[in-house]
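Encoded as structure tokens, the structure appears first; notes follow it.
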Amino acid sequence: MGSRYLGRKLGQAVLTIFAIVILNFLLFRMMPGSPERVLLRNPNLSQQQLEAVKARWGLDKPLIPDQLVAYVGSTLTGDLGYSLKFQGKPVVDVISDSLWPTVLLIGLGELVAIVVGLTVGAYAGWRRGSAVDRVGTGASLILYSMPYFVIGMPLIIVFAAGLHWFPTSGMTSVGTSGEGFVGQLVDLGRHLVLPLTTVALGLIGSYSIIMRSAILETRSEDYMTTARAKGITDGRMLRSHAFPNALLPMVTIIAINLGYVVAGAITAEVVFNWPGLGSLTVDALGARDYPILQGVFLLLSVAVVVANLVADLVYGLLDPRVRS
Amino acid sequence: MRSPLRGRATRALAACALAVSSILPAMGPTATAAPPVVLKVGTTQDLDAINPYNTALVVGYEVYQLTYNLLVDFGDNAEPVPGFADKWERSADGHSVKFHIRTGMKWSDGQPADAQDACFSWGMNVDAVKAGTSIGLGYIDPNVKDAGVTKVECPDAETMIVTTDDQSDRVLQVYVPILPKHIWSKETYKTMGDAKFNASLVGTGPYTLAEWKTGQYARFVRNPNYWGTKGFEDEVVIQFFKTPDTMVQALKAGEIDYARDPNADQLKQLQTEQGIKTVVGAANGWTQLAFNTYGTGTGKTIAGGGASTKALQDQAFRDALGYAVDKKTLVDKILGGFGDVGTTNVPPVLTQWHVEPTKPRTFDIAKAKSLLDAAGYPLDGSGNRLDKEGKPINLRLYMPNSNADYPKAAAFIKDWYGQLGIKVSTQVMDSGALTDLLLPPEGGKTGKAKYDIELWGWAGSPDPNALLQIFRCDAIGGTSDSLYCNKDFDSLYDQQLKATSADARKPLLAQMQNLIYDQAPYDILYYDANLVAYRTDKFAGWRNQPPNGTPLFTYGTLGYTLLTDATAAPSAAPSASGTTASPVAGGGSAAPVASATPVDSGSTSSSSPNVGVVALIAIAIIVVIGIAMYASRRRTRVVEDE
């Protein structure tokens with residue numbers, strides 16, 4: 001992989017992110033409604049007081065150039081400003097509070113789903129028409145079409161409210177301070193089981209279905225026939241020949257999905273009261289919290305751009321043809 | 001060839017795990033004290049700020065009132081009772097009140113709390129009112145303005161004198177938190193809104209905020225220096241839920257003790273649960289249809305905007321529509337019976353001020369039709385009701401997406417108005433977009449007020465002024481959503497503001513309620529009840545405040561200080577978990593002695609985020625090792641194959 005190839009890809013990524021920074025600013029301000037008007041539901045508030053709030057939030061200055069210049073300038077220096085909804089909290093703090101719970105839940109969910117989904121998909125494709133295929137593909141389709149809350153709510157009702165095996169919601173038991181680090185880790189783990197199961201179940205479907213069709217495609221390739229002619233065992237053919245080649249198209253899908261990990265999974269977060277980025281984004285939208293929205297979208301776009309960049313590079317590594 | 005590599009990777013993994021596990025225990029505190037008694041309260045509101053001047057939510061009020069005292073607190077019936085001040089007297093001319101501040105009171109950090117703190121906190125609001133501006137989001141200073149406060153002075157450490165230009169009791173209902181001057185002395189009304197409040201906070205309330213996790217919970221610890229009745233719980237945790245479904249499950253599982261605002265179906269289901277008690281509390285608020293009456297009383301029009309028909313400016317038209325709404329059905333079908341039929345713009349929960357209308361409208365479609373005919377709104381050949389310009393009346397009804405009941409109510413309205421020959425098109429939008437749409441030119445250059453009916457609701461304060469204010473002419477462009485203007489109403493409002501006694505004020509308020517009811521810029525559909533469910537296995541002593549209200553999220557923090565140990569000897573709280581009205585029992589006064597809980601200052605809050613981050617890092621390490629192992633296996637295999 002030449003340095004020119006790398007440089008070009010990096011340059012494209014930086015340009016994309018800058019364009020997104022500008023777009024983020026304009027997009028949210030084009031929405032009807034504005035943060036200070038949300039306060040209009042305060043029956044005590046006068047027009048005058050509303051103006052004062054507007055001035056405090058810097059919304060009284062013209063959008064272009066004043067607000068835009070201030071925004072781009074501070075974003076470039078890493079200052080994302082202060083949240084309007086969470087009064088006085090820096091955007092960076094609010095987002096980072098939600099970021100790692102999201103990465104923990106959705107990131108792990110993706111990993112589990114990738115491992116299970118690819119395995120199920122590969123075997124289903126390899127043994128097309130078998131019981132594994134019928135059950136695996138059927139279950140995948142059903143799970144694929146189920147929103148997280150449909151999967152999650154029964155889990156809560158049975159395993160949390162009913163059997164009391166796991167807590168219903170949240171990420172930690174409040175006030176577990178005295179239990180030491182291991183105790184807290186166990187507590188986090190107990191809270192993670194149901195939401196992780198939900199997210200993983202919801203994601204397995206897409207991976208297994210795509211993997212199945214990729215395997216089916218490779219089965220008819222010439223090199224498979226060659227391999228069989230060489231007398232390689234069936235399992236070996238799947239693992240060493242069909243699977244790696246079917247993996248190639250999966251790389252792009254996996255990379256893009258991993259990029260979206262930071263977007264969170266709104267419905268799963270809502271059902272399990274998981275303090276993630278997805279629900280933060282929805283709340284910020286409702287409150288027209290421009291700084292938070294800009295921050296979240298910046299993070300999201302950087303993640304997607306980086307994931308794509310990584311996919312490009314990994315593709316180059318996996319498939320020599322791309323490099324040349 | 002294969003095994004060595006694999007073996008090496010496995011060994012590396014084991015070594016890593018060993019290293020991680022040996023680090024882990026050293027990182028967390030391993031103290032094992034008796035666990036504190038924690039009251040866990042669930043709500044679907046997400047706390048927005050812990051700076052009292054920056055919260056717009058009920059949960060924010062709850063948080064700051066737990067930490068800070070008001071000068072005058074609220075009692076069993078929401079009546080004024082001692083708070084930061086333990087007694088007060090009004091001067092002979094009625095224009096000033098002398099408050100005596102508690103002797104020997106201390107902040108939770110041990111500093112003395114005295115009149116200087118009270119003067120600092122009130123003075124800032126008086127300054128803001130004088131400067132014609134507000135502090136933070138502007139929810140608190142209107143209290144001071146509304147009470148007519150013009151001056152506060154503190155001649156000595158135990159005296160605060162408040163001068164007012166009215167003689168009402170509103171000065172005893174002022175929601176101004178008394179903040180510690182020794183911490184915030186640098187702030188003025190200009191800067192207070194931007195002041196950074198970080199847990200843990202210092203207050204004189206029963207509990208002080210120790211920790212706030214955005215979107216998750218706020219944790220309070222007992223204030224060791226609290227002057228009043230001490231509740232059984234050592235800590236209070238308010239947990240924020242994203243959906244009532246999960247909150248209800250958490251209540252059933254015993255993870256929380258109190259759930260605020262489950263919906264009607266959930267409450268009905270909880271009524272049958274063992275060990276859970278439900279409360280249907282009268283609410284200080286309502287859900288209404290607001291008609292766009294822009295131009296009424298002013299004659300103004302909006303180019304390219306405003307209501308779709310002039311009929312909405314006609315009192316007779318709005319009055320007739322009032323007969324077409326069966327509010328009893330709405331309460332039964334939509335609220336599951338948990339609420340009251342709506343009438344005037346002072347909710348019945350404010351028993352001192354609410355009156356029933358003198359000329360009530362009852363559900364009668366035939367009467368509505370004949371009233372419309374008589375008022376000059378005939379039907380055309382195809383059954384459409386025509387306005388005075390001869391145009392069929394098609395009304396646009398908009399509502400916010402914040403409440404699942406609104407679209408249901410709208411469907412009923414659409415049907416009933418349809419029976420009159422009036423077509424209604426309904427649309428749900430997010431509240432930001434809706435406020436924009438409702439805005440008239442007075443509220444901004446882009447304001448067009450392009451709507452006919454708005455379906456939304458309001459929540460009030462202990463004093464009815466807040467809910468009356470939205471009908472004033474000068475609220476147009478601000479909070480007014482009927483854009484109604486009536487000089488008589490404004491003058492009545494000013495008169496009641498100056499009333500010297502409750503007796504003098506009441507008839508004026510009655511007139512104002514009837515005026516709005518008769519003129520009908522609003523059709524108040526129902527007063528939705530506050531629904532609450534709580535567990536009785538851990539805590540006893542729950543008491544509704546006022547008696548037709550709810551135990552928590554009411555006025556002040558009385559409910560938190562009355563809780564007792566449900567597992568203790570029955571003498572602690574006789575049947576407190578049972579019936580609602582047992583004001584004499586007062587299980588709260590028997591405060592358990594276990595109050596010597598040290599206030600730990602957030603050592604936990606600094607350690608808890610580490611757990612997740614370290615877990616994340618550990619997982620990342622394992623994943624990387626896993627990938628490395630896979631890669632190395634593949635490479636070995638390739639070597640083998642070759």
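The values are calculated or read from the model by the stated rules, or taken from the named source; none is laboratory data. A quick note: this is a predicted structure, and the numbers were derived from the prediction, not measured. Cβ sites come from the backbone with ideal geometry, for glycine too, and all protein chains shown count toward neighbours.
Checked against (1) within 27 Å of the chain's Cα centre (by Cα); (2) over 22 Å from residue B:395 (Cα atoms); (3) not polar (S, T, N, Q), residue B:445 passes all but condition (1).
Within segment B:147-180, the residues that satisfy the criterion of being closer than 28 Å to residue B:207 by Cα and polar (S, T, N, Q) are B:159, B:173. Has segment B:313-332 got any residue that is acidic (Asp, Glu), within 25 Å of the chain's Cα centre (by Cα) and part of a strand (DSSP E or B)? Looking through segment B:313-332, none of the residues is acidic (Asp, Glu), within 25 Å of the chain's Cα centre (by Cα) and part of a strand (DSSP E or B).
Yes/no matrix, rows are residues, columns are (1) over 30 Å from residue B:44 (Cβ atoms); (2) facing another protein chain (nearest Cβ under 9 Å):
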{"position": "B:143", "(1), (2)": "no, yes"}
{"position": "B:167", "(1), (2)": "yes, no"}
{"position": "B:173", "(1), (2)": "no, no"}
{"position": "B:179", "(1), (2)": "no, no"}
{"position": "B:197", "(1), (2)": "no, yes"}
{"position": "B:200", "(1), (2)": "no, no"}
{"position": "B:209", "(1), (2)": "no, no"}
{"position": "B:212", "(1), (2)": "no, no"}
{"position": "B:218", "(1), (2)": "no, no"}
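Of all residues in segment A:55-73, those satisfying the criterion of being closer than 21 Å to residue A:27 by Cβ and at pLDDT below 80 are A:57, A:58, A:63, A:64. Looking only at residues of segment B:472-485 that are surrounded by fewer than 21 Cβ atoms within 10 Å (Cβ to Cβ) and within 24 Å of residue B:506 (Cβ to Cβ), we find that the one that is nearest to the other protein chains (Cβ to nearest Cβ) is B:472. On the basis of being in contact (Cβ under 8 Å) with a residue 12 or more places away in the chain, within 14 Å of chain A (Cβ to nearest Cβ), among the β-branched types (Val, Ile, Thr) and surrounded by 15 or more Cβ atoms within 10 Å (Cβ to Cβ), does residue B:129 make the cut? So residue B:129 fits the description; yes.
Of the residues that sit in segment B:247-277 and are of a type outside the set (A, V, I, L, M, F, W, C) and within 20 Å of the chain's Cα centre (by Cα), which one is farthest from residue B:334 (Cα to Cα)?
Taking segment B:247-277 and keeping what is of a type outside the set (A, V, I, L, M, F, W, C), we get B:249, B:252, B:254-255, B:257-258, B:260-263, B:265-266, B:268-269, B:271-275, B:277.
Now drop any that are not within 20 Å of the chain's Cα centre (by Cα), which leaves B:257-258, B:260-263.
Numbers: B:257: 27, B:258: 24, B:260: 19, B:261: 15, B:262: 14, B:263: 10 Å.
Out of the qualifying residues, it is B:257.
In segment B:105-126, the qualifying residues are those that are crowded, with 23+ Cβ neighbours inside 10 Å and among the aliphatic types (A, V, I, L, M), and the one that is nearest to residue B:71 (Cα to Cα) is B:118. In the set (1) acidic (Asp, Glu); (2) under 24 Å from the mean Cα position of the chain (by Cα); (3) modelled with pLDDT of 95 or more, residue B:117 fails one condition alone, (2).
Tally time: how many residues in segment B:334-370 are of a type in the set (Asp, Glu) and touching a residue at least 24 places away in the same chain (Cβ under 8 Å)? Reasoning before the result, please.
Just the residues of segment B:334-370 that are of a type in the set (Asp, Glu), to begin with: B:340, B:356, B:364.
After this cut, where a residue has to be touching a residue at least 24 places away in the same chain (Cβ under 8 Å) as well, the list is B:340, B:364.
Qualifying residue count for the region: 2.
Of all residues assigned to segment B:234-251, none qualifies as being surrounded by fewer than 22 Cβ atoms within 10 Å (Cβ to Cβ), within 11 Å of chain A (Cβ to nearest Cβ) and free of Cβ contacts under 8 Å to residues at least 12 places away in the same chain. Quick check on residue B:215: is it surrounded by 21 or more Cβ atoms within 10 Å (Cβ to Cβ), at pLDDT 95 or above and under 25 Å from the mean Cα position of the chain (by Cα)? In short, no. Would segment B:223-231 turn up any residue that is at pLDDT 95 or above and buried (at least 21 other Cβ atoms within 10 Å of the Cβ)? Yes, because at least one residue in segment B:223-231 is at pLDDT 95 or above and buried (at least 21 other Cβ atoms within 10 Å of the Cβ). Residues in segment A:226-255 that are surrounded by fewer than 17 Cβ atoms within 10 Å (Cβ to Cβ), under 34 Å from the mean Cα position of the chain (by Cα) and polar (S, T, N, Q): A:252 alone.
Considering (1) within 24 Å of the chain's Cα centre (by Cα); (2) at pLDDT below 95; (3) among the hydroxyl-bearing types (Ser, Thr, Tyr), the lone condition that residue B:344 does not fulfil carries the number (2). Residues of segment B:287-303 that are of a type in the set (A, V, I, L, M, F, W, C) and at pLDDT 95 or above: B:289, B:290, B:291.
If you filter segment B:278-309 down to residues that are under 23 Å from the mean Cα position of the chain (by Cα) and farther than 24 Å from residue B:546 by Cβ, you find that the one that is surrounded by the fewest Cβ atoms within 10 Å (Cβ to Cβ) is B:290. When residue B:396 is tested against (1) charged (D, E, K, R); (2) within 20 Å of residue A:50 (Cα to Cα); (3) outside any helix (DSSP H, G or I), exactly one condition is not met: (2). For segment B:425-456, the set of residues classified as within 12 Å of chain A (Cβ to nearest Cβ), touching a Gly at 6+ places or on another chain (Cβ under 6 Å) and in contact (Cβ under 8 Å) with a residue 40 or more places away in the chain consists of B:440, B:448, B:450, listed by residue number.
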